[in-house]
Amino acid sequence: MTTRRDFIKSSGYLVVGVAAIANADPFTGLVVEAQGAGPYPDPDFRQLDSWIVIREDNTATFYVGKTDLGQGTGTAFRQIMADELDMPYAGTSCVMGNTDVTVDQGGSGGSDALQTDGYPMRRVAAEARRVLLEMASARLGAPVAQLTVADGVVSVTGDASRRITYGELVGGRKFNVTLRGANTDATSGTAPIKTLQQLKIVGQSPQRYDIPAKVDGSLKWAVDVKVPGMLHARNVKPPVAGATLVSIDESSVRSVPGFVKVVSRGNYVAVVCEREEQAIQAARQIKVNWQKPATAPFPSSEDLFRYMRQATPATSGNPVIVGNPDSAFASAAKIVEADYEVPFQGHVSIGPAHAMADPSNDQLTIYSNDMKPYGLRNGVAQFLKMPRDKVRVLWMEGPQAYGRTAADDAGFEAAFLATELGRPVRVQWMRQEETAWDTKGPAFTVKMRGGLDAQGNLVALDFEARAADHNHLGYNEFDTVLIAQLANMRRAQPARGGAATPSEMYAIPNRRTTQHVVGLPLLWETPLRTGNLRDPNGPQVTFASESFIDELAAAAKADPLEFRLKLLTASTTDDGGFKRARSIATIKAAAEKYGWKPRPYPQPRANGEILTGRGIAYTFRSQTVVAQIADVEVNRRTGRVWVKRIVCAQDCGLVVNPEALTRVIEGGTLHALSRALHEEVTFDTEKVTSVDWATYPTLTHADTPETIDVVLVNGDPNPNRPDLQHYGAGETVCKSLIAAVANAIYDATGVRLRRVPFRNARVLAALKAAGVTSA
Amino acid sequence: MANFTLRVNGRTHTVDVDPATPLLYVLRNDLDLHGPRFGCGLGQCGACTVLIKGEAVRSCIRPISGVAGAEITTLEGLATNGRLHPLQQAWIDEQVPQCGFCQNGQILTAKALLDRTPNPSDAQIRQGMNSTLCRCMTYYRIQAAIKRAATVMATARLGSDSEVIA
């Protein structure tokens, strides 16, 4: 699988001056303006001026190549950079993701904003401080060692009358300081970053600066971009996946008021009109003849898991073997086996895909909410065979889609249509189109097998996963997005995803871990192509692995929490105990907050209509550890599951903004709860049939837990170490929650659910089969 | 095409559009308002919500011909004299939004709810807000913000009552 690191650029750097940057400065004007003349060479990450501008009034603007998908990363970037600079947070602003003025940090993805990209930001800010202190030393006639800096004001220690502001030192001028580093991530000056003990703004919780404009209606979103002469486009999708375009009857839409043009390329079809509602009307009305594919594109969703189990894998990873699992199973006192199933789940953005492209001045500007604007820029340039310098992407706020815009179909479509029409074109997908045709989180089947010895110790574990992840998109490559597939500009082989393996630190002496990718019959132009959905494989894999740990605990007649701690406390050789120590601390923190006391699992079944239970699950992602405990109420008459309380403990190292992080954890946890309870892509053998919010239900206000307790943990064995790291925080909580809910349902009912989602009908059927429906 | 006169946020506008045009496109594309947004076009999600005569209305399925002359309020019109509505302030105090795309509908649906039920129970909030969807799943904070705003508004009413009595 390609990673975004493959896209680090290698040529064509050019310094962007202060004047050019000022066009996109929130202190001086809007990001969205009429297209500049271009061309748009890459900002040079090795120039300090590309990252930081300081003005005469002693305010600063930071230019970073990330995007904020609603988690407050922009606020965090300001905090870490202001802290390194010794400037007040309030005197800073942040510009993100405009490819012509912000260095290429890849945009967003992989929860790496702070873990990876935060460090070059800190280093360049520290370097700016070092340079400013040298300037101040010359101006004040005192050695740097005798200078004190606070809130952007440098003074001579012990003589406050000798002072000068950053604005007075460099305001409105360039630093002209060259940085070093083989790539953007490695960007560095010579100044060290601050130690944990020196940080002041990091760890505070300034309110997110983006929120006021989101609640007073003043924010201009990517959906709001409008320029003179702009046209509106809507797509016409094949009615059957894999259908071939035979003919278009353009006369069927010529009478639509405002009609401009029908554009097609291969099996890609769009209509373009003067007004938005006209384009919608034309797309509904147009007569297009399609030929169905000779063979069914995929099995129906009812038949999916049988198909996946029987299919010959497209790829199989080599099994990872620890110890001797076969002999350990042969001598085990008890063997437990279980199969788990997770369907395709959609990104299903609250606002469908959209972008506007403006081809004025023989350049191309794309206004987009793409989380990876640099990938979009490169991809569009290749797709349209344009020089990169003629293309820029201006990132703007948009509906959150948790990975959807990493395969930014609408951005490519708008660019294509704008060049075809020679006018600015705004394209937006319709709801049914988005829900049916967005990228999907891959479906999984997981077979688990565990062996316990006579004392109930877990001595052998077998994990074998199959993922329907045969055409995986996620980096805006020009030959992967849907319009490229439909227009037959596709690569020889699709990029296959991979079936991930469990992320835990359990010491199990004998293990075998195997992963396969299976394909569906239709490889290209399929609404079941996959993408990075908020930890691409973690929720599926962890549902299986952490449910199964509880099945083993039940078989061993052990408390699930104690069973886990025992597996973690045992000695392992990897990771020096670091991640294991943090795993133990995080689980214990969750247990303490919850008030967990050991008891039989499952508990004896209660009387009454509502059965209650608790469940725990734990995981990590990269270096971030999460433990979640869910309290559920199961209605044995209706099958409805309500998760009443969730405790979520997370150790992501150094926390930049505790309040903002808490909101991220709450939202991510509930997103996972939505996937646990409701979400499933359905399809027949021709098309996706879950196409709107009625057929693809998600979590609602009524499902919301009564209480969510977030516990931020620092489980580092040396919690005050000066170089305490900030790890990624966005996605880990999505991984373990589904298992925590399943484990709680088992505790409440004694019934084990091994198939996601836990919709009322499925729960009720399972309860009926187990004779649990009557009190 | 036909002329329609709209009252939006206290201002009068005349537009020349097809009578079947959903109100949403007129608000966004002709009146340059960014509060109401397209989410589904089916009246299912609430992202396009506006207030008409105090009721939360889904503008994506309301033809322009049916709302001519009605008093329409969008998110931009909720503040008075530059002062945010208590719900908007509560949204900031609770730091509710993640991406924020749905919050127009959440805030305006909550406004209609509190106008009807000034001191709602948890169950009434869940019921009243239930068909307004958020994909970032900020429901927990939305509900907290509604309770916070209800308290603030109740206190303000008490204050104004005592002034009348005095």
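Since every read-out is calculated from the coordinates, none of them should be taken as a lab result. For clarity, every value in this text was computed on a predicted model and none was experimentally measured. Because the Cβ atoms are built from the backbone with ideal geometry, glycine has one as well, and the counts that use them run over all protein chains shown.
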10 Å Cβ neighbours from other chains, averaged over peptide A:394-404: 3
Rounded to 5, the percent of DSSP beta bridges in chain A classed as antiparallel: 70
For A:Ser503, distant residues with modelled amide H under 5 Å away: A:Phe620
Cα centroid separation, the range A:391-425 to the range A:293-360 (Å): 30
Chain A - percent relative contact order, Cα under 8 Å, separation 6 or more: 14
Environment charge at A:Ile321 (Cβ cut-off 11 Å; Lys +1, Arg +1, Asp -1, Glu -1): 0
Long-range HN-HN contacts of A:Phe478 with modeled amide H, under 5 Å: none
Relative packing of A:279-291, A:261-273, which averages over residues the other C-beta atoms within 10 Å, highest first: A:261-273, A:279-291
Relative contact order for the range A:82-237, counting Cα pairs under 8 Å that sit 6 or more residues apart, in percent: 26
When each of A:Lys220/A:Lys440; A:Lys557/A:Lys593; B:Lys53/B:Lys111; A:Lys566/A:Lys588 is checked by Cα-Cα distance, pairs over 19 Å: A:Lys220/A:Lys440; A:Lys557/A:Lys593
J(HN,Hα) series, the range A:725-736, from Karplus relation 6.51 cos²θ - 1.76 cosθ + 1.60, nearest Hz, glycine and proline x: 8, 9, 9, x, 10, x, 10, 4, 5, 6, 7, 9
Inter-chain Cβ neighbour average for residues A:157-170, partner chain, 10 Å: 0
Mean-position separation - Cα centroids, the range A:502-529 and the range A:589-666, in angstrom: 26
Equivalent-ellipsoid semi-axes of chain B, from the Cα gyration tensor, Å, largest first: 28, 20, 13
Chain A shape via C-alpha gyration tensor axes, a/c threshold 1.5: oblate
Among A:338-349, A:692-703, A:140-151, the order from most to least packed when residues are scored by Cβ within 10 Å on average: A:338-349, A:692-703, A:140-151
From phi via Karplus (6.51, -1.76, 1.60), per-residue ³J(HN,Hα) for the range B:33-48 in Hz, x at Gly/Pro: 8, 10, x, x, 10, 6, x, 9, x, 10, x, 9, 9, x, 4, 9
Amide H partners (placed H, <5 Å) of A:Ala443, local residues excluded: A:Phe344, A:Ala468
Dipole-positive endmost among B:Cys45, B:Ser160, A:Phe543 within the protein assembly as shown (Cβ charges, Cα centre): A:Phe543
Peptide B:76-82, shielding by other chains (average Cβ, 10 Å cutoff): 2
Computed E for B:Asp16/A:Thr685 - FRET, C-beta separation, R0 60 angstrom, nearest 0.05: 0.80
Protection proxy ranking, peptides B:103-112, A:299-308, average beta carbon neighbours within 10 Å, highest first: B:103-112, A:299-308
Mean separation of Cα contacts under 8 Å, 6 or more apart, over the residue count of the range B:44-119: relative contact order %: 41
For the range A:385-394, Karplus couplings with θ = phi - 60° (6.51, -1.76, 1.60), whole Hz, Gly/Pro x: 6, 9, x, 4, 5, 8, 10, 9, 10, 9
